[in-house]
Amino acid sequence: MKIAVIGTGYVGLVSGVCWAELGNDVTCVDKLQSKIDQLNSGEVPIYEPGLEQMMNANRAAGRLRFTSNLAEAVQTAELIVIAVGTPSLPSGEANLAFIRQAAEEIGQGLAGYAIVVTKSTVPVGTNERVAAWIGAHTSQPFDVASVPEFLREGSAVRDTLHPDRIIIGTDSDRAAAALEALHRPLTSQIVRTDIRSAEMIKYASNAFLATKISFINEIANLCEKVGANVEEVASGMGLDQRIGGYFLRAGIGYGGSCFPKDTQALIQIAGDVAYDFKLLKSVVEVNQLQRRSVLDKLAASLGDLNGKTVGLWGLAFKPGTDDVRESPAADIMAALLEAGALLKVYDPIAMANFKRMFYSDAGANEDIIWCEEQWEAVTGSDALCLLTEWDTFVQADLQRIESLLRGSVFIDGRNAFRLEQVAATGLRYFSVGRPVQRDSHSETMA
Ligand code: UGA
């Protein structure tokens with residue numbers, strides 16, 4: 001199939017590369033010429049395992065190209081995919097300016113029948129507006145469809161090539177048949193819905209996963225108080241097939257470019273139709289509070305944080321990505337600085353992005369030391385906090401942490417270590433929803 005993908009962010013680039021991998025002829029379009037130049041030189045602008053290699057193999061095979069010329073790409077395409085950003089407005093509502101612009105330009109470029117698919121996460125009803133925006137600029141026939149994306153950063157290629165399901169929301173049988181044929185090599189779980197339901201499935205899925213995380217984080221907080229172990233609780237719960245074991249890892253809360261944005265957008269969508277989505281509002285509030293738990297544990301173990309040195313391991317919102325959007329580390333760092341702590345921070349991949357996004361003006365902030373390697377963040381610190389469970393941290397030698405720290409407090413915000421491992425050390429180890437380990441004895445946090 002001849003496909004034009006508009007937008008070379010995570011979703012657009014990964015989808016385009018994977019469709020080329022399946023043998024389709026794909027042109028990826030982006031307005032930013034510098035990005036197109038970078039892609040044409042064989043470089044992927046994001047950190048995503050396996051993507052660059054697959055992209056270059058498909059470029060070499062002549063199935064994948066990059067251009068800033070939208071009109072040309074659209075003219076010959078049978079399928080046009082909108083995968084541009086929908087950033088949040090201050091109200092939490094999704095900003096559809098890029099979608100509208102793409103739709104209008106598609107309308108101007110259409111030279112014959114095409115299917116226009118929206119992959120960007122958009123509020124319910126947007127695809128009908130997309131159809132109107134396109135229709136205002138063309139007399140060519142076209143169909144619209146919503147095919148939401150469910151890939152995760154860090155495992156985007158695998159998720160795209162092995163999806164749990166494909167949702168095709170369209171009123172057109174012709175478009176549905178073509179989209180089913182395109183996706184059939186990936187899965188037999190293809191579900192046809194109306195457009196509005198497909199749009200809602202995306203928000204509902206992300207909101208439900210966020211709810212699972214906030215739920216288990218509250219159970220974890222309760223476990224700390226009653227002396228239970230959230231890991232055992234989660235695995236016991238997860239064996240019930242109606243609950244499922246995924247997304248029950250307690251920690252310092254969810255971040256990233258999707259859950260925070262999409263939960264806020266769904267609250268806003270509900271508000272627009274005078275529906276008060278109480279549960280989801282609590283999910284968001286719990287998530288915000290969970291970030292504070294690191295500070296509470298530090299304060300409980302170190303006392304006044306003013307003048308204390310705290311090492312931070314991990315700035316990305318999760319391992320496997322250099323994305324720092326809505327990363328819990330940003331709030332935790334800001335609160336620690338506010339409390340007067342001196343920070344020694346390290347992340348194996350996301351350091352440059354983090355600095356650029358949160359500390360570009362305050363590059364000279366004397367209270368932050370940006371470490372060259374992970375052990376520098378530990379050396380001489382009063383406490384170490386693990387905020388992102390990168391392998392290099394999870395596999396770290398606990399004895400070495402103990403010997404390099406000035407103090408002995410280790411806050412593990414991701415339950416990255418087994419309690420038995422830590423029990424063999426003298427570390428005062430505080431994790432999330434599990435018994436506290438100190439000097440080989442365990443006790444519950446009061
Ligand atoms: C999420 C969804 O998982 C994807 O299905 C969806 O396509 C994507 O959003 C999107 O809408 O584009 P992503 O943001 O890449 O994907 O990351 P996840 O792996 O879902 O993790 C999100 C956050 O939840 C991370 O901060 C992670 O640390 C946290 N998390 C995840 C937990 O705290 N506990 C868990 O058990 C799972």
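Reported count of residues in the stretch 153-175, each being within 16 Å of the ligand (Cβ to nearest atom) and surrounded by fewer than 17 Cβ atoms within 10 Å (Cβ to Cβ), is 5. For the stretch 184-197, the tally of residues that are within 16 Å of the ligand (Cβ to nearest atom), in a loop (DSSP other than H, G, I, E, B) and of a type outside the set (Ser, Thr, Tyr) stands at 2.
Taking the conditions (1) away from the ligand (no atom under 16 Å from the Cβ); (2) surrounded by 14 or more Cβ atoms within 10 Å (Cβ to Cβ) in turn, Met200 satisfies each one other than (1). On inspection, Ile213 passes the criterion of being touching a Phe, Trp or Tyr at 6+ places or on another chain (Cβ under 6 Å) and either away from the ligand (no atom under 15 Å from the Cβ) or part of a helix (DSSP H, G or I) (or both).
Yes or no, residue by residue, for (1) out of contact with any Ser or Thr (no Cβ under 9 Å at 6 or more places or on another chain); (2) under 18 Å from Ser120 (Cα atoms):
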residue	(1), (2)
Gln189	yes, no
Ala207	no, yes
Thr211	no, no
Ile216	yes, no
Arg242	yes, no
Tyr254	no, no
Cys258	no, yes
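May I ask you to verify whether Thr388 is within 23 Å of Tyr47 (Cα to Cα), hydroxyl-bearing (Ser, Thr, Tyr) and assigned to a helix (DSSP H, G or I)? No, not satisfied.
The sole residue among Ile195, Ile216, Ile134 that is of a type in the set (Val, Ile, Thr), over 23 Å from Ala97 (Cα atoms) and crowded, with 22+ Cβ neighbours inside 10 Å is Ile216.
Scanning the stretch 9-37 for residues being over 18 Å from Gly62 (Cα atoms) and within 16 Å of the ligand (Cβ to nearest atom) gives a total of 4. When the stretch 307-327 is limited to residues that are within 23 Å of Phe410 (Cβ to Cβ) and among the basic types (Lys, Arg), the one that is nearest to the ligand (Cβ to nearest atom) turns out to be Lys318. Residue count for the stretch 70-100, restricted to those that are closer than 21 Å to Lys261 by Cα and outside any loop (DSSP other than H, G, I, E, B): 7.
The conditions are (1) surrounded by fewer than 21 Cβ atoms within 10 Å (Cβ to Cβ); (2) under 26 Å from Ile168 (Cα atoms); (3) in contact with a strand residue (DSSP E or B) (Cβ under 7 Å, 6 or more places away or on another chain), and Val29 fails exactly one of them. Which is it? Looking at each condition in turn, Val29 falls short on (1).
Checking Gly244 against (1) away from the ligand (no atom under 13 Å from the Cβ); (2) surrounded by fewer than 15 Cβ atoms within 10 Å (Cβ to Cβ); (3) not assigned by TED's automatic domain parsing to the domain that holds Pro123, only one condition comes out false. Which one? Of everything listed in (1) away from the ligand (no atom under 13 Å from the Cβ); (2) surrounded by fewer than 15 Cβ atoms within 10 Å (Cβ to Cβ); (3) not assigned by TED's automatic domain parsing to the domain that holds Pro123, Gly244 misses just condition (1).
Within the stretch 248-283, the set of residues being assigned to a helix (DSSP H, G or I), charged (D, E, K, R) and within 15 Å of the ligand (Cβ to nearest atom) comprises Lys261, Asp262. Within the option set Ala265, Ala362, Ala274, Ala270, being at pLDDT below 95 and over 20 Å from the mean Cα position of the chain (by Cα) holds for one residue only, Ala362.
The set of residues from the stretch 216-241 being over 27 Å from Ala330 (Cβ atoms), away from the ligand (no atom under 13 Å from the Cβ) and polar (S, T, N, Q) comprises Asn229, Gln241. The C-beta contact set for the stretch 300-322 (first residue farther than 17 Å from Phe430 by Cβ and at pLDDT below 95, second residue surrounded by 19 or more Cβ atoms within 10 Å (Cβ to Cβ) and of a type in the set (S, T, N, Q), distance under 8 angstrom, 6+ apart or interchain) comprises Asp322/Asn353.
Checking each residue in the stretch 328-357 for being away from the ligand (no atom under 16 Å from the Cβ) and either of a type in the set (A, V, I, L, M, F, W, C) or assigned by TED's automatic domain parsing to the domain that holds Val44 (or both) picks out Ala334, Ala335, Leu336, Leu337, Ala339, Ala341, Leu342, Leu343, Val345, Met351, Ala352. What's the number of the condition Asn287 fails, among (1) within 18 Å of Gly255 (Cβ to Cβ); (2) in contact with a Lys or Arg (Cβ under 6 Å, 6 or more places away or on another chain)? Failing condition for Asn287: (2). Against the test of being touching a Cys at 6+ places or on another chain (Cβ under 9 Å) and crowded, with 18+ Cβ neighbours inside 10 Å, the options Leu336, Leu343 yield a single qualifying residue, Leu336. Among the residues of the stretch 134-188, those that are closer than 22 Å to Ser205 by Cβ and among the basic types (Lys, Arg) comprise Arg152, Arg158, Arg165, Arg184. Of the residues making up the stretch 368-394, those that are of a type outside the set (Asp, Glu), surrounded by fewer than 23 Cβ atoms within 10 Å (Cβ to Cβ) and on the phi < 0 side of the Ramachandran plot are Ile368, Ile369, Trp370, Cys371, Gln374, Trp375, Thr379, Thr392, Val394.
One line per residue, one yes/no per condition, for (1) among the hydrophobic types (A, V, I, L, M, F, W, C); (2) closer than 23 Å to Phe317 by Cβ:
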position: Ala341; (1), (2): yes, yes
position: Val345; (1), (2): yes, yes
position: Phe354; (1), (2): yes, yes
position: Asp367; (1), (2): no, yes
position: Glu373; (1), (2): no, yes
position: Thr392; (1), (2): no, yes
position: Leu398; (1), (2): yes, no
position: Asn415; (1), (2): no, yes
position: Arg418; (1), (2): no, no
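Against the condition surrounded by fewer than 22 Cβ atoms within 10 Å (Cβ to Cβ) and touching a residue at least 24 places away in the same chain (Cβ under 8 Å), how does Glu93 come out, does it pass? When the stated conditions are applied, Glu93 passes them.
The values are calculated or read from the model by the stated rules, or taken from the named source; none is laboratory data. Note that this is a predicted model, so its numbers are computed, not measured. Every residue, glycine among them, receives a Cβ derived from its backbone with ideal geometry; neighbour counts consider all protein chains shown.
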